[in-house]
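Some notes on the structure that comes next.
The values are calculated or read from the model by the stated rules, or taken from the named source; none is laboratory data. Predicted model only: the values in this text are computed from it and were never measured. When we count neighbours, we look across all protein chains shown, and the Cβ atoms used for this are built from the backbone with ideal geometry, even at glycine. Note: accessible area is taken over every heavy atom of the protein model, side chains too, but ligands, DNA and RNA are not part of it. Shrake-Rupley method; radii C 1.70, N 1.55, O 1.52, S 1.80 Å.
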Amino acid sequence: MTSMMDLIQELWTLKRDIVSDDFDKALYRLSDELPMKIHEYASGTPCWTWKVPEKWTCDEAYLETLDGRRLIDYKDHPLYVISYSLPFEGEVTHAQLARHLHSHSRLPNAVPYVFKIYEREWGLCCSQTLRDSLKDESYRVVIRTRFEPGTMKVGEYVIEGESKETFMIVSHLCHPGMVNDDLSGVVVAMDVARQLSEGPKPYYTYRFLFLPETIGSVAYLSHNESLIPDMRAGLFLEMLGNDSPHALQQSFMPDSKGDKVFRTALTALDGGAYIGPWRSVINNDERQFNAPGVRVPMLSLSRVESPDSTTRPYREYHSNLDTPSIVTQERLEQSRDLVLALLYAWEKDQYVVNHFKGEIFCSGYGIWIDYRTNAEGHRRLFEIMERCDGEHTISDIAQELGVSYQSVQKVTDLLCDKKLVSYSRTPIKTSPR
Ligand SMILES: [Zn+2]
């Protein structure tokens, strides 16, 4: 079993444009590690309002001075050419070149990631420093790219649970030559999948998707509409290796069970993490799952600088500085363990059904907390017990009381041991009214 960091080292330099030989190479390599079903969607296939693009290949591209001094070369890094650039070859004036040359808005020495998949134009990228040094009247541009019919691939790995009700875990794999965005999410999802599949059979079915951003999700969802009603919640993963706190972005439906469980469980698992509303942290494939006609509450987990940072989401974002050097195995493992702990809470979250009537005789059951020595504990115990009525889940109670999921579960587990309550996947009304 290859470690997360070793997989990153192996795959990060591949030119993983959305429909490309290198995307396929990366996905097939991942499927050696985790046996996936690979779905194929031919170029031109309609996917709701979208269409699968052609396969794109860049054979060669460079910018040079008229006397043949090479300034940038695709061989050195895939980001020197915009993803899905049209081919172009010729001499251009400084002004013409400037219109097709892109640089990073805040990192003067970085090459930006620019993609123009549906816009059809040619373009190159370079550092602002290089751009500022261009003083000649004309330059020579060579971009040899090909657009051909191909097939876009989506990898799927399923862990069957006792129920058909499904939890979706999604990450994208289509960022050429970059690591934190997006390979880090892919390798964490792979490790979560491995660990979940080694454990006892879960209640929920878990469906993992590894795909090209946006169009990959739209293609999968539009060709698997019958699965959508069973999708109860989901989590999108990326940017999990950099040195920033975890950020949980809620779904479009913040009252969903997934939102409630993850929100109330996160703080006890990672005190440094923060929680943001829908679209406040980062936008990715969760948009397609939450969208009209689908409405699967999908949250996202990433590591993103605090909302007041000027280099958000992180300094090296969408540039050639997003390399393995900003990612550590340790942080990837922390993120993997956090995802597993969140899913553990998701699995356990059930309705708490009372087998008692009235208030519990706590002293008689040995669970009395003396208010004189622990006033807070005493109050919390009663606040939790009075909500164990067959119509509140653990996460409902945690949310109502503004306490962690884990602190409620500790109490309900204790009541369960005493046979005072049991858990149920469906609500059971226990009051006569
Ligand atoms: Zn990105």
**Prompt:** Relative to a virtual label point 7 Å from the Cα of Ile428 in the Cα→beta-carbon direction, which members of segment 347-382 show backbone nitrogen distances below 12 Å?
**Reply:** 351-356
**Prompt:** In the structure displayed, which of Lys51/Lys116; Lys257/Lys418; Lys37/Lys260 lie more than 23 Å apart, Cα to Cα?
**Reply:** Lys257/Lys418; Lys37/Lys260
**Prompt:** Which shape class applies to segment 351-424: rounded if a/c is under 1.5, otherwise prolate when a/b exceeds b/c and oblate if not, where a ≥ b ≥ c are the square roots of the Cα gyration tensor eigenvalues?
**Reply:** oblate
**Asked** Where the centre of each part is set by its Cα atoms, how far does segment 262-286 sit from segment 366-433, in angstrom?
**Response** 25
**Prompt:** Sorted by average packing, counted as other Cβ atoms within 10 angstrom per residue and highest first, what order do 388-399, 205-216, 305-316 take?
**Reply:** 205-216, 388-399, 305-316
**Complete:** Calculated from DSSP helices alone, with each H run of at least 4 adding -39500 (n - 2.57) and the total divided by the residues of the chain, [θ]222 nm to the nearest 500 comes to -9000 deg cm²/dmol
**Difference of contour (0.36 nm per residue) and Cα-Cα distance, Gln195 to Trp48** = 49.5 nm
**Prompt:** When ligands, DNA and RNA are left out and all protein chains stay put, how many square angstrom of accessible area per residue does segment 55-148 have with a 1.4 Å probe?
**Reply:** 49
**Request:** Could you tell me the largest-minus-smallest coordinate of the C-alpha atoms of the chain on each of the three principal axes, in descending order and whole angstroms?
**Result:** 93, 44, 39
**Peptides 160-173, 269-282 ordered by average Cβ neighbours within 10 Å, highest first** = 160-173, 269-282
**Asked** Kirkwood hydrodynamic radius (Cα pairs, Å) of segment 119-161?
**Response** 15.7
**Asked** In square angstrom, what is the accessible area per residue of segment 228-343 with a 1.4 angstrom probe?
**Response** 35
**Message:** Loop-only chymotrypsin sites (Phe, Trp or Tyr not before Pro) in segment 344-433, please: DSSP not H, G, I, E or B, and at most 14 other Cβ atoms within 10 Å.
**Reply:** Phe361, Trp368, Tyr371
**Request:** Leaving ligands, DNA and RNA out of it, report the carbon-plus-sulfur percent of the accessible area of the chain at a 1.4 Å probe.
**Result:** 50
**Asked** Alpha carbon centre of segment 159-185 versus segment 191-255: separation in Å?
**Response** 6
**Fill in**
In Å², rounded to a whole number, the accessible area per residue of segment 351-424 with probe 1.4 Å is 53
**Request:** Would you mind giving the average projected area, over all directions, of the Cα convex hull of segment 55-148 in nm² with one decimal?
**Result:** 5.7
